Every structure is written in structure tokens, then in C-alpha cells.
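Any read-out appearing in this document is the output of simple, stated calculations on the displayed coordinates, not a laboratory observation. Note that the structure is a prediction, hence the values are computed from the model and not measured. Reconstructed Cβ throughout: ideal geometry from the backbone, glycine too, with neighbour counts over all protein chains shown.
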Amino acid sequence: MLTIETGGRRASTLERLAAAPVRPGEDGIDWRTPIDRSRWFFCETLTPLYYTKVYRDLGTEHKLRYNQLTAMMANEIIAFMETEFLVAALTAVQSCDGNRRMAPDLHAAVLRFRDDERRHADIWQNLNRLSEPEWYASVNRRLMNIPRGALMAARLIARRPVAFPVVFWIQLAQEERSLEISRRCMRVSPEMMEPRYATAYGAHLPDEARHVQIDRHLIDYFYRPRSIAVRQASALLFRMIVGTLLVTPVHSTGRVVRVLAAEYPELAPLVPQMLRQLRELGSSVGYHEMMYSRRSTPVTFALFDEFPEFHQMRAVLRAYEPKPAWSRVK
């Protein structure tokens, strides 16, 4: 295993994570040349409608525009998570870590994590401004449609991560999900993917892999020592959030469908069918495998296995089935 000597000693894993160089990839993004609307912004298999029957009824131009709209919606959601949820939670963590002070290496990793998230949010927002200058000239969200109550609740728990350690599970699941998004988009043929988007996904990839490792340390520090009552409450809250907001974000995906139909009026008769089939994705095995599974979110699922209170995640995640303790690979 690679180690780094620091002052005559070996640096800890967290110190190495905090000291990782900032990747220069996003600095090479051309923000001046108009976006190439003939290319995808997103991997097709990440788009919800791809898993519905009605998707096969769309024309090539409809699928392309739907892909671009879905990518911009994803940019909005990721930027929101990074600026208003993760940054808030990571900032709160520095001063609200219970009755003990965080070790310096964990503190440094959290600071780096927070700075990364701010930088990432700027990239996603800049991509949207490049993609639709008129839409995003004065606002950062146009397609994301999350109920006001859910937004307020997210902001509340983000600012109180010690009282609500479910925050660290949301961080882990979404960071690992974001890692899978970047991986899939990087596998799309360069001839098909818009180059600025491809560069952003490539720059994002190593940071997300590092963040997943930091999230595991935060769960160990802030969640593992808690009482069984707190852990059970956290698991219940996480199950509710995943089931109602994260697995099938029907509010935002429905907004994308309506915008698509506004741009292509010939799709208006298909809108009720598209919305119905989007709501039905909660029972789609293929869709669940893409969203959260042992292949797409292996670290999250491995930790579900480790904590019995999370075994009930199978009630909302069709791809999850707890592994018996004897079968887990250490």
C-alpha cells in the first residue's frame, strides 16, 4: 500500500485523502464556444424514461432533447445537494461534533470535501448556463421541482448533522450515485457526448471516489457510536427520504416531460402516458439496478449489510437484499 512520509511518519488514509491534488480537468473547459446541441449531455441509460415502454415511441430528436433536459435537471439537483445540503452539513460538522473534537486528519478531510463541493457546484451551474443561457441567466434552478416542505426539511437536517446522523447516509448514497453517473457518462462514445460535459464528468470522477471514502469515516465517527434508538430512527428517516425523493423523483422528472412536450407539441398526447410510466418505475428492476444496487452503489449496500437497522431498505430498493453475516467479505 502506498504511504506518504510526513514529518518522519506515515500519513494516515484521511491525510492522504485531504492532501490529494486538485484535478486541473475543469480548468480546461471551454466556456465560450456555444454548446453542441447535436450531442448527448448524459448517458442514455441514466435517463428515467429509458426504462419505460413509451420511450420507444419517441423520435430521435425527442430522445436527444429529453437527454439534454435530464442532464440539466441532474446538474441542478447535484448543485443543490452540493451547495445547500453537503456544504451546510460539512460546515456544521466542523463545530458540532458532539463532546469530542475531531481528529486533525478527519477535520482536514472534511475541509477539503467542503471545498471540493463548492467547486463542483460552480461547474454544474456553469454547464447549465452554457447549455441554456436564457434560462440560467439569473436563476440556478429551472427544472428541479422538489416540494417546498422537502426542501425545508433537507436544509434543517443538513445544519444539524449530529442530531440527525442520517445526513451522512444521504451523503454517502448520493456521492456514490454521482460516481456512477460520471462512470457511465465517461463510457459514452466521444463522438456522441458533448465535450464540455465529458470533461466535467471526467474531472468529477476522482473527487467523488475520494468523497465516498471520507463518507465512510464520517459514518464511523458520527453514526456508529450512537444508541440503537438513534440508529433506528436514522434508518427509518433515510428509508422515507429514499423512497419518496431519491428513487423516483417524479416531481422533477415530470417537469422535464412537460418542458419537452412544450418544445415538441406533437408529444402532448403522450404526456399522461409518460407521467404514469415514470410513476411506475418504483417497481422496475432494471431502473432500480441503475439507481441503487450492489453494482452501482456497492459501498452503500455493504454498509446496509453491516447495520441491521438498514436491512429494511429492501422495502424501497428492489435491488437490495441483505447478505447474511457469514457471506460478507471483509
Alpha-carbon Rg/Rh ratio, for segment 182-317, with Rh computed the Kirkwood way: 1.04
Once the cut-off is 15 Å, how many percent of the Cα-Cα pairs in segment 110-156 end up in the long-distance tail? 60 percent
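What number comes out for the charge environment of Arg314, summing +1 per Lys or Arg and -1 per Asp or Glu over other residues with Cβ under 13 Å away? Intermediate results must be reported in sequence, preceding the final value.
Values: positive: Arg239, Arg294, Arg318, Lys323; negative: Asp305, Glu309, Glu321.
Net charge in that neighbourhood comes out at +1.
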How large is the dipole of segment 145-268 about the Cα centre if only Lys and Arg carry +1 and Asp and Glu carry -1, each at its Cβ, rounded to the nearest 20 debye? 640 debye
Ascending count of other beta-carbon atoms within 10 Å, so fewest first, for Met144, Met240: Met240, Met144
Cα pair distances of segment 217-281 binned at 5 Å [whole percent]: 3, 16, 16, 14, 11, 8, 8, 8, 7, 5, 3, 0
Selection from Ala325, Thr244, Trp135, by position along the positive dipole direction of the chain (Cβ): Ala325
Between Arg56 and Ala325, what is the label-point separation in nm under the 7 Å Cα-to-beta-carbon projection? 4.7 nm
Work out how far the C-alpha atoms of segment 189-249 reach from end to end along every principal axis, then list the three figures in whole Å, largest first. 52, 27, 13
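Averaged over every viewing direction, what's the projected area of the C-alpha convex hull for segment 116-202? Give it in nm², one decimal, please.
7.0 nm²
In segment 58-190, how does Rg compare with the Kirkwood Rh, expressed as the Rg/Rh ratio over alpha carbon atoms?
Reported Rg/Rh (Cα atoms, Kirkwood Rh): 1.03.
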The extension gain from Ala268 to Arg314, computed as 0.36 nm times the residue separation minus the Cα-Cα distance, is 13.0 nm
Counting other beta carbons within 10 Å of each residue's own, what order do Trp31, Trp124 fall into, fewest first? Trp31, Trp124
When the expected Rg is taken as 2.2 N^0.38 Å, what fraction or multiple of it is the alpha-carbon Rg of the chain? 1.01
Take Lys53, Lys323 and order them by how many other Cβ atoms sit within 10 Å, fewest up front. Lys53, Lys323
Cα centre as origin, Lys/Arg/Asp/Glu Cβ charges: segment 29-114 dipole, Debye: 80 debye
Given +1 on the Cβ of Lys and Arg, -1 on the Cβ of Asp and Glu, and no further charges, what dipole in debye does the chain carry about its Cα centre, rounded to the nearest 20? 860 debye
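Rounded to a whole number of µm²/s, how large is the Stokes-Einstein D of segment 250-315 at 10 °C and 1.306 mPa s, given Rh as the Kirkwood radius over C-alpha pairs?
112 µm²/s
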